[in-house]
Amino acid sequence: MPTNDVFALELDADTLIVIPLRDLGSFVGDEVGTELAGALEHLGRAAVKHVIVDLGEISYFGSTMLGAINKLWKTAGQSGGRLAICNADARQREILGVTKLDTVWPIHESRAESLRFVRQ
């Protein structure tokens, strides 16, 4: 898979792993949108069903990132797939908690836990 500036993408069988590579505030919308389109293309393939967003490489994200995760979640759900988040630090968990998105998207300590969750 090509290397991008905003997200790294990895495939693990039927699961697309999206790894934000830098802190994403609200002012990087165009860059996120362009690279998100590439991730969504992978989800459009029959063999790719689930998404894991691995937050381990960043310390902050804003509304643009939340919008991107939401789009990935909705797209995965259209084909019966699931989305999970892993490696979120305390600050990221706080953002997800304040927005109540921690009740929508499961958050796991590790990528392995997220993989087990999406595939159950």
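The values are calculated or read from the model by the stated rules, or taken from the named source; none is laboratory data. Computed from a prediction, not measured in an experiment: that's the story for all the values here. Quick reminder, even Gly has a Cβ in these numbers, built from the backbone with ideal geometry, and neighbours come from all protein chains shown.
Suppose the filter is crowded, with 19+ Cβ neighbours inside 10 Å, of a type in the set (A, V, I, L, M, F, W, C) and modelled with pLDDT of 95 or more; does Ala76 pass it? Considered against the rule, which asks whether it is crowded, with 19+ Cβ neighbours inside 10 Å, of a type in the set (A, V, I, L, M, F, W, C) and modelled with pLDDT of 95 or more, Ala76 comes out as no. Leu16 passes every criterion in (1) closer than 16 Å to Val118 by Cα; (2) loosely packed, with under 13 Cβ neighbours inside 10 Å; (3) modelled with pLDDT of 90 or more apart from (2). Of the residues making up the stretch 88-113, those that are in contact with a helix residue (DSSP H, G or I) (Cβ under 8 Å, 6 or more places away or on another chain) and either surrounded by fewer than 12 Cβ atoms within 10 Å (Cβ to Cβ) or within 26 Å of Ala13 (Cα to Cα) (or both) are Ala88, Asp102, Val104, Trp105, Pro106, Ile107, His108.
Take the conditions (1) touching a helix residue (DSSP H, G or I) at 6+ places or on another chain (Cβ under 8 Å); (2) loosely packed, with under 15 Cβ neighbours inside 10 Å; (3) modelled with pLDDT of 75 or more; (4) not in a strand (DSSP E or B); Leu40 misses just one of them, which is (2).
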